[in-house]
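J.: One structure follows; several queries about it will come next.
The values are calculated or read from the model by the stated rules, or taken from the named source; none is laboratory data. On a predicted model such as this, the values are computed, not experimentally measured, just so you know. Cβ: placed from backbone, ideal geometry, glycine included. Neighbour counts: every protein chain shown. For accessibility, only protein heavy atoms count, side chains too; no ligands or nucleic acids. Shrake-Rupley method; radii C 1.70, N 1.55, O 1.52, S 1.80 Å.
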Amino acid sequence: TYNITRPKGYNVSFHTNPEMEKHHFGQTHPMKPWRLTLTKSLVTSYGMSFAMDNYVARAATYEELNMFHSNDYLDYLGTAPAEDTPRDVDTDKEVKYNLGGSDCPLFYGLYDYCSMSAGGSLDAARKICAKQSDIAVSWGGGLHHAKRSEASGFCYINDIVLAILQLLRCFPRVLYIDIDVHHGDGVEEAFFSTDRVMTVSFHKYQPEVFFPGTGGLEDNGPKSEHNPGAHHAINVPLNDGITDEQYEWLFQSIIGQVNERFRPSAIALQCGADSLAGDRLGRFNLQVQGHAACVNFCKKLGIPMIIFGGGGYTPRNVARAWAFETAIAIDCQDKIDPVIPMHTPWRDHFHHETLFPTLEQILGEPRANKNTQKRLQDMVQHVTEQLRFVNF
Ligand code: TV7
Ligand code: CA
Ligand code: ZN
């Protein structure tokens, strides 16, 4: 049995909605909202819920979504009928808003799903603003590709942008960090013209081949003459097969420097779990330990923080990582047994019955590592040079 107690001296809130988990993108679609159920089952069976304030994420209102998204887009999103029902198709609008393709299908209950995802992240931001939480967790959020008037890459509503807009009401500077295997393009673009938000994305970069194709090392925000947001976008483009050791070194070198120069007053951390080894869409060799080390490093900075979900397409790996990262948030990572509790619902889904399977257990053969130490050092050097322009 576990005796997980509340962390000393600070508060963690956990924002989920079991209704969100019931939605389906379609039989073969990689995004499985059900991974949130699996995550919650681990969190609960380890007894972590007793150490946090738990909230059922409410649905965000139209007005709240409208803080970032356009009326015309929201109106169509709210009324477009599901694809598998008889309906009148407005092809022009669906093309314009990128709705109804294979990446962003119009599925039954889509608007509810989106507003619950955003509601959880907005609640998290409000708890941070009110100083009632020091870390707020929204695993149902992290949908970083959505644009003001366009769905993209499985994302329809950008809950992260909405949450950061909320944080900007009470904090002078917000640092956005994105460890999803994809580039955090929607969040980067939304804050392109402000020096109050710095965005840092680590991702696989191979334009033409890997989605979304943006986020090169030299892309640091539009360098127009009077743009205060210039130099406030940092991109760390990576190749296949990066390991825990390399990723941790890179993350700590870059985020350590960014913290010293930018001095954020709040952090928004997107923890997309598709950067883990064995992900259906990802290409890296990260283990739960390496992924979670990023969360731990941010936590130790002692700055109020929202933790978001994001990608993650092998549900058992997603649940393991997000449950362990929840443990880090409440500071019980040394107390929990790596062997998954017997009474965990859906325990059979977690092959190998441990939170930390080895790379060999996950993959058989690890992916070839195409990241040289030299290239990683050059990237840290480039970031150091960019940060010389950042002075608050
Ligand atoms: C945050 N990769 C989102 C990541 C979004 C990635 C893409 C798929 C995919 C979609 C499917 C599907 C798939 C096996 C994988 C150029 C295309 C190529 C659709 C087949 N299987 C996040 C988005 C990315 C949909 N999109 O960052 C239905 O892979 O590469 C593309 C675009 C056109 C569309 N086709 C893929 O993690 C949450 N999509 C199976 C069924
Ligand atoms: Ca990323
Ligand atoms: Zn992703």
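J.: When the accessible area of the range 38-143 is split by element with a 1.4 Å probe, what percent falls to carbon and sulfur?
T.: Carbon and sulfur: 54 percent of the exposed surface of the range 38-143.
J.: Considering the chain, which cysteines have no disulfide-compatible partner, defined as another cysteine with its Cβ under 4.7 Å away?
T.: 104, 114, 155, 271, 294, 298, 332, each lacking another Cys Cβ under 4.7 Å.
J.: Sticking with this one: Taking a ≥ b ≥ c as the square roots of the eigenvalues of the Cα gyration tensor of the range 44-96, is the shape rounded (a/c under 1.5), prolate (a/b larger than b/c) or oblate?
T.: It comes out prolate by the Cα gyration axes.
J.: At q = 0.17, 0.22, 0.24 Å⁻¹, what base-10 log of I(q)/I(0) does the Debye formula yield for the range 1-95 when every alpha carbon is treated as an equal point scatterer in vacuo?
T.: -0.98, -1.22, -1.28
J.: Okay, next question. Based solely on C-alpha atoms, express the radius of gyration and the Dmax of the range 78-230 in angstrom.
T.: 16.8, 52
J.: Which of the lysines could a cross-linker span from residue 374 if the Cα-Cα distance has to be under 26 Å and same-chain partners fewer than 8 positions apart are dropped?
T.: List returned: 204.
J.: Counting other Cβ atoms within 10 Å of each Cβ, which trypsin sites (Lys or Arg not before Pro) in the range 184-245 have at most 13 and sit in a DSSP loop?
T.: For trypsin sites (Lys or Arg not before Pro) across the range 184-245 that sit outside H, G, I, E and B with at most 13 neighbouring Cβ atoms in 10 Å, the list reads 223.
J.: Taking a ≥ b ≥ c as the square roots of the eigenvalues of the Cα gyration tensor of the chain, is the shape rounded (a/c under 1.5), prolate (a/b larger than b/c) or oblate? Walk me through the numbers on the way to the answer.
T.: Working: a/c = 1.24, a/b = 1.03, b/c = 1.20.
In terms of gyration-tensor shape, rounded.
J.: On to the next question. Under the Karplus relation 6.51 cos²θ - 1.76 cosθ + 1.60, θ = phi - 60°, what is the ordered set of whole-Hz ³J(HN,Hα) values for the range 376-381, x standing for Gly and Pro?
T.: 5, 5, 4, 5, 4, 4
J.: Return the whole-Å distance between the Cα centroid of the range 130-179 and the Cα centroid of the range 320-392.
T.: Centre-to-centre (Cα) distance: 21 Å.
J.: Quantify, in whole percent, the carbon and sulfur part of the accessible surface of the range 279-339 (1.4 Å probe; protein heavy atoms only). Don't skip to the end; give the middle numbers.
T.: Details: 770 of 1710 Å².
Carbon and sulfur: 45 percent of the exposed surface of the range 279-339.
J.: Counting only heavy atoms of protein chains, what accessible area per residue, in Å², does the chain have with a probe of 1.4 Å?
T.: Result: 40 Å² per residue.
J.: Taking the Cα centre of the chain as the origin and placing charges on Cβ (Lys, Arg +1; Asp, Glu -1), which of 380, 297, 67 is farthest toward the positive end of the dipole?
T.: So the residue we want is 297.
J.: Now, a different point. Below 8 Å, C-alpha to C-alpha, sequence gap of six or more: please give me the relative contact order for the chain in percent. Intermediate results must be reported in sequence, preceding the final value.
T.: Working: 831 pairs, mean separation 73.2, N = 392.
Dividing the mean separation by the residue count of the chain yields 19 percent.
J.: Hey, if you put +1 on the Cβ of every Lys and Arg and -1 on every Asp and Glu Cβ in the range 165-228, which of 226, 183, 214 ends up farthest toward the positive end of that dipole?
T.: Towards the positive end, the residue furthest out is 226.
J.: Non-local amide H neighbours of residue 286 (under 5 Å, H modeled in plane, Pro and chain starts lacking H): which ones?
T.: For residue 286, whose amide H was placed from the backbone, the distant partners under 5 Å are 277.
J.: Right, here's the next one. Using θ = phi - 60° and the Karplus relation 6.51 cos²θ - 1.76 cosθ + 1.60, list the HN-Hα couplings for the range 218-234 in order, rounded to whole Hz, with x at every Gly or Pro.
T.: Going residue by residue, I get 7, 8, 10, x, x, 8, 5, 4, 10, 8, x, x, 4, 6, 9, 10, 10 Hz, with x marking Gly and Pro.
J.: Is the shape of the range 226-265 rounded, prolate or oblate, going by the alpha carbon gyration tensor and its root eigenvalues a ≥ b ≥ c, with a/c under 1.5 for rounded and a/b larger than b/c for prolate?
T.: Oblate.
J.: Moving on to the next point. Which one, 317, 350, 333, projects farthest toward the positive side of the charge dipole computed for the range 317-392 from Cβ point charges (K/R +1, D/E -1)?
T.: Most positive-ward Cα: 317.
J.: Give me log10 I(q)/I(0) at q = 0.15, 0.16 Å⁻¹ for the range 207-318, Debye formula, one equal scatterer per alpha-carbon, no solvent.
T.: Debye intensities relative to I(0), on a log10 scale: -0.76, -0.87.
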